[in-house]
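*Asks:* Below is the structure I would like to discuss, written out as structure tokens.
What follows draws every value from the coordinates through simple rules; no lab data is involved. Bear in mind that the values here come from a model prediction, so they are computed numbers and not experimental data. Note that each Cβ is placed from the backbone with ideal geometry, even for glycine, and that neighbours are counted across all protein chains shown.
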């Protein structure tokens, strides 16, 4: 299973998101979804089974301005909080709470 998760992370084009995803996986946090998360979004998104410390991750990885915070509060479509890389359209999400 972990080899499959690592393979998914290797498919992420964003260096910053790939680095964070590797850290999260190495910390024992499981991937819950990988792929096209929205019908109008062609980039892959990776979801983790944990609430993410966005401020801590931004500081630890010295994220550029192209990495923005995304938050979806709509329980019908699935709540989430994480990062989007504006240059690739990829997302790295965690649980809202």
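*Asks:* In what sequence, highest mean first, do 5-16, 55-66 appear when ranked by Cβ atoms within 10 angstrom?
*Replies:* Taking the mean over residues of other Cβ atoms within 10 Å, the ranking is 5-16, 55-66.
*Asks:* Next question. With r as the distance between the Cβ atoms of residue 49 and residue 87 and R0 = 25 Å, compute the FRET efficiency 1/(1 + (r/R0)^6) and round to 0.05.
*Replies:* Once rounded, the FRET efficiency stands at 0.40.
*Asks:* Expressed as a rounded percentage, what relative contact order does the chain have, with Cα pairs under 8 Å and six or more residues apart?
*Replies:* 27 percent
*Asks:* Starting from the 7 Å offset along Cα-to-Cβ, what nm value, one decimal, do you get for the label separation of residue 36 and residue 73?
*Replies:* If labels sit at residue 36 and residue 73, their model points lie 3.0 nm apart.
*Asks:* Continuing with this model, one more query. Please sort 68-74, 29-35 by packing, taking for each peptide the average over its residues of neighbouring beta carbons within 10 angstrom, highest first.
*Replies:* Ranking, from highest mean packing down: 29-35, 68-74.
*Asks:* With Rg/Rh (Cα atoms, Kirkwood Rh) defined as stated, name the option among (1) 0.95; (2) 0.92; (3) 1.01 computed from the structure displayed.
*Replies:* Comparing each candidate, only (2) matches the computed number.
*Asks:* Let me ask something additional. Could you check the spin-label model distance between residue 59 and residue 26? Points 7 Å from the Cα along Cα→Cβ, value in nm.
*Replies:* 2.0 nm
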